[in-house]
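Input: a single structure, listed below in structure tokens.
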Ligand code: AHG
Ligand code: MN
Ligand code: MN
């Protein structure tokens, strides 16, 4: 069953169905184009490597960060249902400001390419997105308030994983569903219906290079995972891809916990609340998992700035609860 047919059959809000489908359709089109670029990246000129600049976060921008950003912006602009976007790669939100888009109902926040340090080494990367209903008045330009909504208000959250296959995983608040791109037809086909995250597993995921710099509770939890005196009576396996979206996808299917805590180099964590933490938190909860800062539910944070960061403890419910029990 194609994503279109599944959405038409299962999405229950009939008033908004057509408009929000236009947004999803834009995502599938841009995802196909980015997926193609990634597959051929090493064979194309001007696709691999650094762009030579930094984004607003002070991080090196890869050429593919920019290519993916432009592909998604263009798709959202032309779909007619999006009034503006916020992207990890752009300092300010973009208001599309055409007559049609001023009347459009939705804004999208996205990380065009997550895990971009992995592009040049042929390792999985992804696009993460959040769709919200605008709060500003229809007919006027979108404003910052449309983008700074609490994560629990997401209409749809999802990600595209460009892995050994390209997959779109999403939730509109009624479970989590996964679609695999059929490269022969360029259609996303339902392959994972009603995904559920195992309540626990023997897998943990963290950049352990930071372990000595984290607050003591994080190191104590990791020591628990590595000890003989844990719920499995022996060490867990460590798995860290370095692309959050890929590490999260593994947790969704096999169970596990991913932790990116505060560190001195990133005092509020490294990951961005609006482009990374919120969409994945929404999916985690819809799949029976959990997402917190170590102290507080991610989806209840009132955002104050577009590029705000948050510490992230995300994955299997029992594991996140256990990790939090070590944090004072
Ligand atoms: P992005 O490529 O969008 O900047 O995100 C990178 C993120 C995330 O994907 C990953 O888990 C984390 O940064 C890796 O950070 P470290 O290299 O500090 O482990
Ligand atoms: Mn990212
Ligand atoms: Mn990114």
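The values are calculated or read from the model by the stated rules, or taken from the named source; none is laboratory data. Remember, predicted model here, so these are calculated numbers, not experimental data. Don't worry about glycine lacking a Cβ; one is built from the backbone with ideal geometry, like all the others, and counts go over all protein chains shown.
Below is a table of values for the structure above.
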item	result
Residues located in region 122-132, provided they are in contact (Cβ under 8 Å) with a residue 60 or more places away in the chain and under 20 Å from residue 277 (Cβ atoms)	124, 125, 126, 127, 128, 129, 130, 131
Boolean, residue 269 is within 16 Å of ligand 3 (Cβ to nearest atom) and at pLDDT below 95	yes
Selection within region 60-88 - without any contact (Cβ under 8 Å) to a residue 12 or more places away in the chain and more than 18 Å from the chain's Cα centre (by Cα)	60
Region 36-54, residues that are without any contact (Cβ under 8 Å) to a residue 40 or more places away in the chain and not in a helix (DSSP H, G or I)	44, 45, 46, 47, 50, 51, 52, 53, 54
Condition met for residue 34 (more than 16 Å from ligand 3 (Cβ to nearest atom) and either surrounded by 15 or more Cβ atoms within 10 Å (Cβ to Cβ) or within 20 Å of the chain's Cα centre (by Cα) (or both))	no
Residue that is within 18 Å of the chain's Cα centre (by Cα) and under 23 Å from residue 192 (Cα atoms), where the choices are 20, 27, 3	27
Subset of region 254-304 [within 13 Å of ligand 1 (Cβ to nearest atom) and at positive phi]	269
Residue that is closer than 21 Å to residue 289 by Cβ, crowded, with 17+ Cβ neighbours inside 10 Å, away from ligand 3 (no atom under 16 Å from the Cβ) and within 24 Å of the chain's Cα centre (by Cα), where the choices are 218, 263, 245	218
Helices (runs of 4 or more DSSP H) completely within region 201-295 that count 1 or more residues being free of Cβ contacts under 8 Å to residues at least 40 places away in the same chain	216-226, 278-286
Top-ranked residue of region 6-17 - restricted to ones that are under 23 Å from the mean Cα position of the chain (by Cα) and not in a loop (DSSP other than H, G, I, E, B), ranked as modelled with the lowest pLDDT	17
Top-ranked residue of region 119-156 - restricted to ones that are crowded, with 20+ Cβ neighbours inside 10 Å and within 16 Å of ligand 1 (Cβ to nearest atom), ranked as nearest to the chain's Cα centre (by Cα)	128
Residue satisfying all of: in region 89-118; buried (at least 23 other Cβ atoms within 10 Å of the Cβ) and either without any contact (Cβ under 8 Å) to a residue 24 or more places away in the chain or within 20 Å of residue 155 (Cβ to Cβ) (or both); farthest from ligand 3 (Cβ to nearest atom) among these	106
